[in-house]
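See below for the structure under consideration.
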Amino acid sequence: LRLCAWYLYGEKHRGYALNPVANFHLQNGSVLWRINWMGDTSPRGIGASCGMMVNYRYFLEETAANSALYLGSKQVRASEQVLALVKQFQQNSKL
């Protein structure tokens, strides 16, 4: 979960999210909301993402500001759950 959180939040290509689905949702103003362990246990889900599934949440009153923040300064809005996982990854990572 920590590695997945880092991948979605911290891994970048030209400053934007490396993952194309994350990039799509973040450009549209969503918040990286939750990472679900074994959220997709289908063969495709296991093969593509080790069964993990991500939820992006859209707060309609914040989508324009979130989108502008991401597109302008490449900052990702994320929930406390995701940020805690990112912090744990950073503290324990040897990468």
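Let me check I've understood the local charge: for S79, count other residues with C-beta under 10 angstrom from its C-beta, Lys and Arg +1, Asp and Glu -1. What total comes out? Mind dumping the intermediate values first?
Numbers: positive: R34, R57, R77; negative: E80.
Summing Lys and Arg as +1 and Asp and Glu as -1 gives +2.
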Using only helices, what value at 222 nm comes out for the chain when you add -39,500 (n - 2.57) per DSSP H run of length 4 or more and divide by the total residues, to the nearest 500 deg cm²/dmol?
-14000 deg cm²/dmol
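Taking K and R as +1 and D and E as -1, what net charge do the other residues with C-beta under 15 Å from the C-beta of M53 add up to? Present the calculation step by step, with values, prior to reporting the outcome.
Details: positive: R34, R44, R57; negative: D40.
Residues close to M53 contribute a combined charge of +2.
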In order over the stretch 29-37: 3J(HN,Hα) from phi, Karplus 6.51/-1.76/1.60, θ = phi - 60°, whole Hz, x for each Gly or Pro, gives x, 7, 10, 5, 9, 8, 10, 10, 5
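So, with a 1.4 angstrom probe, what is the percent of accessible area on the chain that is carbon and sulfur? The partial results should precede the final answer.
Working: 3400 of 6090 Å².
C and S fraction of accessible area: 56 percent.
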Amide H contacts of G29 (H built 1.01 Å from N, under 5 Å, at least 5 apart or other chain):
S67
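Between K94 and T63, what FRET efficiency comes out of the Förster formula 1/(1 + (r/R0)^6) with R0 = 25 Å and r the beta carbon distance, rounded to 0.05? Please list the in-between numbers first.
Working: r = 37 Å, r/R0 = 1.47.
Once rounded, the FRET efficiency stands at 0.10.
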Looking at the chain, I'd like the Rg to Rh ratio, where Rg is from alpha-carbon atoms and Rh is Kirkwood's inverse mean 1/r.
0.97
Amide H to amide H under 5 Å from R77: which residues, 5+ apart in sequence or cross-chain, H placed 1.01 Å off N in plane?
L32
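The values are calculated or read from the model by the stated rules, or taken from the named source; none is laboratory data. Keep in mind that this is a model prediction, so the values were computed, not measured. Backbone-built Cβ (ideal geometry, glycine too); neighbour counts: all protein chains shown. Just so you know, the surface numbers come from the protein's heavy atoms only, side chains and all, with ligands and any DNA or RNA stripped out. Shrake-Rupley method; radii C 1.70, N 1.55, O 1.52, S 1.80 Å.
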